[in-house]
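Novice: First, the structure itself, so that you have it in front of you.
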Amino acid sequence: MEKRQELHDARRQRQWQHLTSLGVLLGLVFTAGGLVYTARTWETGQKTLDSAVQGQVTDRYTKAVEQLGSAKPDVRLGGIYALQRLATDSPRDQETIRNVLAAFVRNHDLCKTDQKSLPKQCTTTKTSDFKKLSYLRPGADVRAALTIAAALSSENGGAILNGADFSQIQFPGADLILVKLPRTNLASVQLQGAALIGADLQHSYLGGARLGGAQMSGAQLSEALLSFADLEEADLAGARLRGSDIHSSNLRGTNLTSAILDYADLSDADLRGANLNGASLRNADLRGTDLRGTNLKLVVGKTRDEMQRVAIVDNTTLF
């Protein structure tokens with residue numbers, strides 16, 4: 001009798017166990033369904049949010065670009081800083097914003113032909129004449145766009161020519177002291193007589209640039225490309241040109257006292273009458289470099305024999 005009762009109780013217990021397992025299974029199914037629904041709801045909400053954010057970005061960009069076309073300098077400046085903020089908030093739009101700012105600079109250079117009267121710096125042809133003229137200050141909006149566009153290039157770590165494009169801009173005699181333009185395209189720019197003291201032009205492309213008479217003491221030009229550039233009578237005292245490419249450039253009468261030219265390519269460059277007193281030329285390439293009338297006293301990194309062997313010298317060269 002007791003065994004029969006035990007069997008009966010066991011059957012009843014198994015039935016409850018089945019019901020409990022079924023309940024757990026149904027709970028899991030409902031939970032899984034709820035999770036799927038929640039995930040799909042979140043995904044839909046995220047797409048809606050992304051769409052709304054992108055719409056706000058587009059509206060901000062459109063408004064800022066419209067401000068750039070204003071006749072009022074303050075409004076243009078506001079548009080430039082709005083684009084800078086937008087570049088921070090939307091990294092994927094940085095390249096577009098950089099290009100817009102670079103185009104703004106190119107369209108607002110100091111020597112635009114549609115101006116009623118051009119500054120004297122735009123019509124001067126003699127390098128020595130720039131020393132008689134006062135420096136021109138680009139508008140606050142132009143300088144801001146110049147700086148911000150270059151900064152975006154640097155933050156992206158872009159290689160030369162992949163940075164901001166300021167090629168062929170005309171800022172002769174401009175006050176650009178301490179300007180930061182690393183990794184930028186400055187091909188064929190006109191910066192004759194410009195004040196670029198302490199400027200940061202590292203890794204920039206300045207091929208064919210016109211920098212005659214420019215004040216560039218202490219400028220940072222390491223790894224810059226300056227081939228075929230005109231630097232006649234420019235002041236590069238104490239400038240850092242380590243690893244720069246200056247081959248075939250005009251450096252006649254240039255002041256390079258105490259400049260760092262280690263590993264620089266000066267092959268076929270014209271340095272007649274230049275002052276390299278105390279300059280560092282370790283591993284610099286001087287093949288075919290014209291050093292007639294050049295002051296090479298206290299030069300570091302090259303012996304007299306080494307320079308005479310590869311460069312063009314005569315009895316006017318000062319060793």
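The values are calculated or read from the model by the stated rules, or taken from the named source; none is laboratory data. Because the structure is a prediction, the values reported are computed rather than measured. Counting neighbours? That spans all protein chains shown, and the Cβs are built from the backbone with ideal geometry, glycine included. Just the protein is used for accessible areas: all its heavy atoms, side chains included, with ligands, DNA and RNA removed. Shrake-Rupley method; radii C 1.70, N 1.55, O 1.52, S 1.80 Å.
Novice: How do 137, 252, 76, 240 stack up against each other in accessible area, from largest to smallest, with a 1.4 angstrom probe?
Specialist: Reading off the accessible areas and sorting them downward yields 137, 240, 252, 76.
Novice: Shifting gears a bit: Specify the inter-centroid distance of segment 62-77 and segment 168-207, based on alpha-carbon positions, in whole Å.
Specialist: 25 Å
Novice: Using only the heavy atoms of the protein chains and a 1.4 Å probe, how would 129, 141 rank by accessible area, largest first?
Specialist: 129, 141
Novice: Right, here's the next one. Per residue and in Å³, how big is the convex hull formed by the alpha-carbon atoms of segment 52-205?
Specialist: Spelled out: Cα convex hull of segment 52-205, divided by residues, is 105 Å³.
Novice: Report, in debye and to the nearest 20, how large the dipole of segment 52-134 comes out about its Cα centre when Lys and Arg carry +1 and Asp and Glu carry -1 on their Cβ.
Specialist: Approximately 460 debye in magnitude.
Novice: For a test of the definition: using alpha carbon positions, the gyration tensor, and the 1.5 limit on a/c, classify segment 209-319 as rounded, prolate or oblate.
Specialist: rounded
Novice: Let me ask something else. Over 30 Å between Cα atoms: which of 120/180; 180/297; 112/132; 120/297; 126/302 fall into that group?
Specialist: The answer is 180/297; 120/297; 126/302.
Novice: A further question follows. To the nearest 10 Å², what's residue 260's accessible area with a 1.4 Å probe?
Specialist: Looks like 40 Å² after rounding.
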